[in-house]
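Scroll down for the structure; my scribbles are underneath it.
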Amino acid sequence: MHYELRCRECGKSWGNQPRSICDDCFSPLEVSYDYDALRWQVTRDQIAQGPPSMWRYSGLLPLPENFQPSLPTGFTPLFRAPRLAEQFGAKNLYIKNDAVCLPTLSFKDRVVAVALAQAREFGFEVVSCSSTGNLANSVAAQAARDGFRSWIFIPADLEPAKIIGTQVFGARLVRIAGSYDQVNRLCSQIADEHQWGFVNVNLRPYYAEGSKTVGFEIAEQLGWELPDNVVVPMAGGSLITKIKKAFDELIALGLVDPKPVRFFGAQATGCSPISSAVKAGNAEIDPQKPATIARSLAIGNPADGHYAIKTIKANGGWAEDVSDPEIVESIQLLAETEGIFTETAGGVTVGCTRKLYRQDRILPDETTVICITGNGLKTTDALTGKYEAEEPIPPKISEFDKYLERTLDIDLPETVEA
Ligand SMILES: *Cc1c(COP(=O)(O)O)cnc(C)c1O
Ligand SMILES: [Zn+2]
């Protein structure tokens, strides 16, 4: 096997097994690879000949031998955002759009795809997770597709669309009267007791590797070049660290030229343990009690917070956070400028990006990619009251003209009804 689990701190090797913590030093485990072997196997040509999905990077993922993907997940569009850029006074702004990821419209589909590959390998029949919503949707859907039973644990107050979007797949959904952090602690205990594959607990090191594919795709879609800046929404803080790992791997394998990419983390002010630590110059997280409409990012004690801070500080990045009203405004701004309806997490990313340009932490000419990680149809409640349903009008041209005069406050010449 060309990969195995290794302790991030003491370096002890743990082989391949469903485990996320080093028993010796209680630090997190991470998948590490034999890069010397990979250098000969993974080339741009080989990747280009692969399928138009995240599986084109299979050589750089922890997948069992003879693994057969069941869905073409990932390889979402990356494109310029000229009208949003204009709002920011920017020139080189790109959107990586995981609001259209298969099968459940968030980047979580990538991590689940890798975790379930290993769940099968380890012989689990039940897969499970603690979730702020999108992970629940993705585990439930892919479990159905792959023939696992699924048990999903969520804080009770999630958005209705995310609850229905889990139950529809036949998952067992357990609502917990508590915060995500409490749900997650409970799941660690359940994982110890039952033989279940928790994608973000005992399978977490494999799961997290799936996020690298966002980074691989950004580099390939920019023509095998790294951007100057990436703006990434943070919950547990894993995605931002894995995009950096992806770029570092591409550099190590000679697939892109080295470049000190700056990483910018985005959070909601109502749950901002990572951005607060970055702003205060702290290397560790001070846990918070979340209070924000950005539920998908509402993790008060982020598992990878420490590493997210390191990633941000590595090349002179920064972290910002935005209030709930700014999140809503930013959802509307992205929709009105680029035709993309993102969920609250995307509002966080767009709102923080605007701040970062205003602060001159990101400069107009620099190539900047913002990660839109989830779909707005799942969090329509965030826009409640923003668009009042108007009284219907009769289906007559004269009525429509009256309506126009009323709403636009203008006088039209009288029309003759046909
Ligand atoms: C989970 C999630 C994130 C953050 O992911 P982490 O790896 O936990 O930091 C960002 N956006 C959306 C939409 C998510 O569901
Ligand atoms: Zn260790």
**Item:** Relative packing of peptides 193-205, 269-281, 56-68 - highest average C-beta neighbours within 10 Å first
**Value:** 193-205, 269-281, 56-68
**Request:** Take peptides 103-113, 172-182, 32-42, 320-330 and line them up by average Cβ neighbours within 10 Å, highest first, as a rough protection proxy.
**Result:** 103-113, 320-330, 172-182, 32-42
**Complete:** Bridge orientation stat for the chain from DSSP, antiparallel percent rounded to 5, came to 30 percent
**Asked** Which value at 222 nm does the chain reach when only helices count, each DSSP H run of 4 or more adding -39,500 (n - 2.57), with the total divided by all residues and rounded to the nearest 500 deg cm²/dmol?
**Response** -11500 deg cm²/dmol
**Amide H partners (placed H, <5 Å) of Asn375, local residues excluded** = Glu343
**Asked** In whole Hz, what ³J(HN,Hα) sequence does the stretch 338-351 give by Karplus (6.51, -1.76, 1.60; θ = phi - 60°), x for Gly and Pro?
**Response** 10, x, 10, 9, 9, 7, 4, 4, x, x, 4, 5, 5, x
**Message:** Let's test the formula: R0 of 45 Å, r as the Cβ-Cβ distance of Lys402 and Ser323. What FRET efficiency results, to the nearest 0.05?
**Reply:** 0.65
**Prompt:** For Asp286 and Lys313 in the same chain, what is the full-extension length gain: residue separation times 0.36 nm, less their Cα-Cα distance, in nm?
**Reply:** 8.0 nm
**Message:** If I model a spin label as a point 7 Å beyond the Cα along the Cα-Cβ vector, how far apart are those points for Ser188 and Ala156 in nm?
**Reply:** 2.4 nm
**Message:** Which order do the peptides 357-370, 119-132, 377-390, 242-255 come out in when sorted by mean C-beta neighbours inside 10 angstrom, highest first?
**Reply:** 119-132, 242-255, 357-370, 377-390
**Asked** Pulled fully out, how much extra length does the chain show between Leu222 and Ile251, if you take 0.36 nm times their separation in residues and subtract their Cα-Cα distance?
**Response** 9.0 nm
**Prompt:** Applying the Karplus parametrisation 6.51 cos²θ - 1.76 cosθ + 1.60 with θ = phi - 60° to the phi angles of the stretch 288-297, what ³J(HN,Hα) value in whole Hz is obtained for each residue in order, glycine and proline being reported as x?
**Reply:** 10, 9, x, 8, 7, 6, 7, 5, 5, 10
**Asked** Where the convex hull is taken over the Cα atoms of the chain, what is its projected area averaged over directions, in nm²?
**Response** 23.6 nm²
**Message:** With the crude spin-label approximation of a point 7 Å out along Cα→Cβ, what separation in nm comes out for Asp45 versus Glu65?
**Reply:** 2.7 nm
**Asked** In whole percent, what relative contact order does the chain give with Cα contacts below 8 Å and a gap of six or more residues?
**Response** 16 percent
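All of the numbers you see were taken from the coordinates with simple rules; none came from a lab. Keep in mind it's a predicted model, so treat the numbers as computed, not measured. Neighbour counts run over all protein chains shown; Cβ positions are idealised from the backbone, glycine included.
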